[in-house]
Amino acid sequence: MSEHTSDDLALDGGTEAVLTWDETIAAYDPVLGLEVHVELGTATKMFCGCPTEFGAEPNSQVCPVCLGLPGSLPVVNEKGVESAIRIGLALNCTIAPWSRFARKNYFYPDMPKNFQTSQYDEPIAFNGWLDVELEDGSAYRVEIERAHMEEDTGKSLHVGGATGRIHGADYSLVDYNRAGIPLIEIVTKPLTGFGDRAPEVAKAYVATLRDLLRALGVSDVKMEQGSLRCDANVSLRPRKKKPEKQAEVPFGTRTETKNVNSLRSVERAVRYEMTRHAAVLAGGGSILQETRHWHEDTGVTTSGREKSDAEDYRYFPEPDLVPIAPTADSIEALRATLPEPPVQRRRRLQGEWGYSDLEMRDVINAGAIEIIEATVAAGATPAGARKWWSGEIARRANLDGRELTDMGITPRAVAELDALVQGGRLNDSMARQVLDGVLAGEGNPGAVADARGLALVSDDGALGAAVDEVIAANPDLVEKIRSGKVQAAGALIGQVMKAMAGQADAARVRELIMERVGS
Amino acid sequence: MTNDLTRWSAARMADSLARREISAVELTQAHLDRIAAVDGSVHSYLHVDETGVLAQARAVDDARARNEDLHVMAGVPIAVKDVVATEGLPTTCGSRILSGWIPPYDATLVTKLKAAGMPILGKTNMDEFAMGSSTEHSAYGPSRNPWDLERIPGGSGGGSSSVLASFQAPLAIGTDTGGSIRQPASVTGTVGTKPTYGGVSRYGLVALASSLDQAGPCARTVLDTALLHAVIGGYDPRDSTSIHAPVPEVVRAAQSADVSGMRIGVVKQLSGEGYQAGVQARFNEAVALLVDAGATVVEVDCPNFQYALAAYYLILPSEASSNLARFDAMRYGLRALPEGVDDPSAEQVMAATREVGFGAEVKRRIILGTYALSSGYYDAYYGQAQKVRRLIAQDFDRAFEVADVLVSPTAPTTAFKIGEKLDDPLAMYLNDVATIPANLAGIPGMSLPSGLATEDGLPTGFQILAPATKDERLYAVGSALERELVSRWGGHLLEKAPTLATVGAEVAR
Ligand SMILES: [Zn+2]
């Protein structure tokens, strides 16, 4: 369930004690629960016709319905329901033939009606799973409890004060543009049996889910913009010597960590919470059931609001909306639109592209599968596409904290660049310069190469003259080659390249030298 | 017939306007004059839009002068209950917490009134957020019953009933969550219909209890009620619970007034003990008149009705507690600051505003509803109440197997005195005992005058209930009964009402 009060009430605490990772794992078995909120990429909000575009002028995308004005009524966005069903199907869930919205009642200024229209005991999708793979290729199944629809809240901006939170702020502003944006909340079952791999599984799950949602085309899944948000529930229980006995041990008290805004943070936050819990438990203390706030910069969580089971949202079925009752036919029609599951798809593409496991892992980590696929489709060699996207472009994207798709270079341009290299017109260092030009907005690769005068010289006349000169100037090296020390050719090639200011095809130069030396 | 335009039926007004015998401006001005003369003592209106209504009337006259195609009701003015959002006009719901709120949008039914060219005179008084049976819970003071100014005009729609009974408007919009259209009609000698749930869009009605609320027409005759019903009814894509079907043929049914062969079911549980003698007597006579007109009578048993009031007072407060949560001083309406707090938090401002902005009855129901929805109590209260609701719907289903319509007195008593039941919420709630079952089941109901109680000379009401979406049956039966009664009385019941003292500018016509 979406929360925001935790953010505002979180107080910065001191550093808490943690055990080492090995100590933690030796003594305790983790249980995870992951709640992921996905903002759907529908053109309009969940219950009104307002646009959902990110970054608009505050309170410019609102109407009586999403402002909760007296008398206004919600109407369900059918596209949102379709997306929810497709997500449920892709997560191998059962789709409820009949489900309802419910009101979750609590007061907060960024929630216009002071209740959130959500789903409670009748989610649209339930009982599914998602298979994930860790970097070393080991596979895990993550069981899904449910996926349900709800609306997002507005956004508070606390002005003044040191922390940007409500405490100490001079005043607060609320932007209701986000209020009513459709959300899907995906909740896992309590996840057990992952042991020391739990943090990695958590990260792999969110990454796989992100890829799946992207492939479904239902969301732009940008964690840094908040369109994909993850809350990580962690608890520990004592480790049993006999693994088969582990299931008998009751779960420990859990904490819910929020503000986990990147894939890397998912893993780090889970790992940190496990070591923190372990220190508390090992010291004879008990874990407080509470919301924790993850700090990306310092790598720790701090205590948020205490969250007890007594918190009462007084859920009841939303009387302003009619039940969602998709027909079996409509569900099957949506099933037919599902993309290939991410793990299968990766295996297939890896085979088609001929990447090694290591290369494929780099591609996955760079989030480059889709873009490489598009680049190959635009005519690039798989090796060339990989080299650019998970190499140089990924490096620069990382440096700037940007997405590959926001780098200002298209799959088509990369394919063109690759073609220039494959065709022998550019060598690597020239291609890199061309990339600079494309990223600087100088045009497409061909145009940049022309404008910057970048091209390998393969004209035998000009090359031949340079080769002749170098051979004449290095009789000793020539002798070495003739006596069988072929590697000495490297020094000659280097001199020719230098003479040609780098704009020569090294392979052709070697051929010409060998011809002339006659070995 | 009288020359005083305000005493005409809406049907006659529409007819005269169409024949260009009168103008919409003239008709509207007559009502504004009447309002100026009597509303000081009746207090039906919370807001009169003198400038706006005349401009709307003039626009109709101009359009007619240009021979444009006009709606049959074009130029007939109307009053709208203050729970309905009207763009540019204050909408307070009788509550202090919404003082000063001017909605930026029109309710769908208001859009329909405007499209039909019906000038809106103003907004009528009501119990705060429609919680009450007397208008005594209005933050702006009670409306009074034109039959006796010391008595209540019913509630929550007492503004809309008294406005009709005092000829300050020929038509009015009401809303009915547990009887707020029918009980006021009953105690003022007027007519009101709660349509089938979903028959009139709820978009723009400030919600009390979403699953029970229904807007409907109020008038002085059954035909006028039907004419208004036809204007405001119909599917609305903005209301997910509105019915996707044409409006029932209510006008034709009212004109036919045919009950021959119709089976009238008298609900055993809704008469006898607890009903005032004069109310019961007029009811029995009315049933006999329907038999004379060709109907047959059966008694029907609805055993679960005994739980209706209890279930209603769980469902309504539960939904209301959630619906009223939005009044928090953050975006519109009243904002009160807590006393003695230097730098109040949002929560403290919300609490302070709700403390001074809501009246006692509203707070009572919010507390009840919050409790009933609480974890651990939900199943015992809200859950049980929903089960009772289904049982009541089943009672109706069975009853409608043997009867085409069901009938009962609308309210157990005639109008009580202002202040009489204010300190006894349970006695107040009992007023709705006969009207509530229809809301719980979502079926349509009408109240029309059945006469005057002998013991106090005050109007009594006759309720007709029909199966869901069969609203036209209310009008066929109501119209037949009205015809019989009016011929007995020698005129409309309201002609027997005392003449109100007038002040100022009332113009005799
Ligand atoms: Zn909106």
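The values are calculated or read from the model by the stated rules, or taken from the named source; none is laboratory data. What you see is a predicted model; the values in this text were computed from it and never measured. Backbone-built Cβ (ideal geometry, glycine too); neighbour counts: all protein chains shown.
Counting only helices (runs of 4 or more DSSP H) that sit completely within region A:263-374, those holding 1 or more residues that are under 30 Å from A:Glu392 (Cβ atoms) and basic (Lys, Arg) correspond to A:263-282, A:342-353, A:357-365.
In region A:120-221, counting only strands (runs of 3 or more DSSP E) that sit wholly within it, the ones holding 2 or more residues that are of a type in the set (Gly, Ala, Ser) and either more than 16 Å from the ligand (Cβ to nearest atom) or closer than 30 Å to A:Asp362 by Cβ (or both) span A:125-133, A:139-151. Within the set A:Ala179, A:Ala232, the sole residue that is on the phi < 0 side of the Ramachandran plot, in contact with a Cys (Cβ under 6 Å, 6 or more places away or on another chain) and at pLDDT 90 or above turns out to be A:Ala179.
If you go through region A:97-114 one residue at a time, do you hit one that is farther than 30 Å from B:Trp101 by Cβ, crowded, with 18+ Cβ neighbours inside 10 Å and either at pLDDT below 95 or away from the ligand (no atom under 16 Å from the Cβ) (or both)? Yes: region A:97-114 contains one or more residues that are farther than 30 Å from B:Trp101 by Cβ, crowded, with 18+ Cβ neighbours inside 10 Å and either at pLDDT below 95 or away from the ligand (no atom under 16 Å from the Cβ) (or both). A count restricted to region A:92-107 and to residues that are more than 8 Å from chain B (Cβ to nearest Cβ), over 28 Å from the mean Cα position of the chain (by Cα) and part of a loop (DSSP other than H, G, I, E, B) stands at 6. Considering only region B:92-108, state which residues are more than 20 Å from B:Leu164 (Cα to Cα), within 12 Å of another protein chain (Cβ to nearest Cβ) and in a loop (DSSP other than H, G, I, E, B). Within region B:92-108, B:Thr92, B:Ser95, B:Trp101, B:Ile102, B:Pro103, B:Pro104, B:Tyr105, B:Asp106, B:Ala107 qualify.
Only one entry in B:Leu324, B:Leu309, B:Leu290 is within 12 Å of chain A (Cβ to nearest Cβ) and either surrounded by fewer than 17 Cβ atoms within 10 Å (Cβ to Cβ) or modelled with pLDDT of 95 or more (or both), namely B:Leu324. Going through (1) surrounded by 20 or more Cβ atoms within 10 Å (Cβ to Cβ); (2) away from the ligand (no atom under 16 Å from the Cβ) one by one, A:Ala17 falls short only on (1). Among the residues of region B:352-361, are any part of a helix (DSSP H, G or I), hydroxyl-bearing (Ser, Thr, Tyr) and surrounded by 17 or more Cβ atoms within 10 Å (Cβ to Cβ)? Yes, because at least one residue in region B:352-361 is part of a helix (DSSP H, G or I), hydroxyl-bearing (Ser, Thr, Tyr) and surrounded by 17 or more Cβ atoms within 10 Å (Cβ to Cβ). Do the conditions hold for B:Leu422, that is, is it touching a residue at least 12 places away in the same chain (Cβ under 8 Å) and part of a loop (DSSP other than H, G, I, E, B)? Answer is yes for this residue. Of all residues in region B:112-132, those being within 25 Å of A:Cys66 (Cβ to Cβ) and in contact (Cβ under 8 Å) with a residue 60 or more places away in the chain number 3.
Evaluated against (1) crowded, with 18+ Cβ neighbours inside 10 Å; (2) hydroxyl-bearing (Ser, Thr, Tyr); (3) at the interface with another protein chain (Cβ under 8 Å from one of its Cβ atoms), B:Tyr381 falls short on exactly one condition, (3).
Here A:Ile124, A:Ile87 are screened, and the one residue that is touching a His at 6+ places or on another chain (Cβ under 8 Å) and crowded, with 19+ Cβ neighbours inside 10 Å is A:Ile124.
Within region A:463-506, the set of residues being touching a residue at least 60 places away in the same chain (Cβ under 8 Å) and either basic (Lys, Arg) or in a helix (DSSP H, G or I) (or both) comprises just one member, A:Ala506.
Residue count for region A:33-60 under the criterion of being part of a loop (DSSP other than H, G, I, E, B), within 9 Å of the ligand (Cβ to nearest atom) and either buried (at least 16 other Cβ atoms within 10 Å of the Cβ) or outside the structural domain of A:Val270 (by TED's automatic domain parsing) (or both): the result is 4. When B:Glu347 is tested against (1) more than 9 Å from every other protein chain (Cβ to nearest Cβ); (2) out of contact with any Pro (no Cβ under 6 Å at 6 or more places or on another chain); (3) in a helix (DSSP H, G or I), exactly one condition is not met: (1).
Residues in region A:61-85 that are touching a residue at least 60 places away in the same chain (Cβ under 8 Å) and away from chain B (no Cβ under 12 Å) were compared, and the one that is farthest from the ligand (Cβ to nearest atom) is A:Ile85. Remark: A:Leu32 matches the filter, which requires a residue to be more than 14 Å from every other protein chain (Cβ to nearest Cβ) and in contact with a strand residue (DSSP E or B) (Cβ under 7 Å, 6 or more places away or on another chain). Under the condition of being basic (Lys, Arg) and closer than 21 Å to A:Asp131 by Cβ, the residues counted in region A:67-95 number 1. In the set B:Ala253, B:Ala257, B:Ala219, only one residue is of a type in the set (Gly, Ala, Ser), more than 14 Å from chain A (Cβ to nearest Cβ) and on the phi > 0 side of the Ramachandran plot; that residue is B:Ala257. Taking region B:82-116 as the range and being surrounded by 24 or more Cβ atoms within 10 Å (Cβ to Cβ) and more than 30 Å from B:Glu355 (Cα to Cα) as the test, the residues that pass are B:Thr108, B:Leu109, B:Val110, B:Leu113. For region B:187-200, residues that are within 14 Å of chain A (Cβ to nearest Cβ) and either touching a Leu at 6+ places or on another chain (Cβ under 6 Å) or β-branched (Val, Ile, Thr) (or both) total 1.
Being part of a loop (DSSP other than H, G, I, E, B) and surrounded by fewer than 20 Cβ atoms within 10 Å (Cβ to Cβ) is the filter here; which residues of region B:272-287 pass it? Give the derivation first.
Initial filter on region B:272-287 (part of a loop (DSSP other than H, G, I, E, B)): B:272-276.
Across region B:272-287, the qualifying residues are B:Gly272, B:Glu273, B:Gly274, B:Gln276.
If you check A:Val206, A:Val221 for being aliphatic (A, V, I, L, M) and either more than 12 Å from the chain's Cα centre (by Cα) or at negative phi (or both), only one passes: A:Val206.
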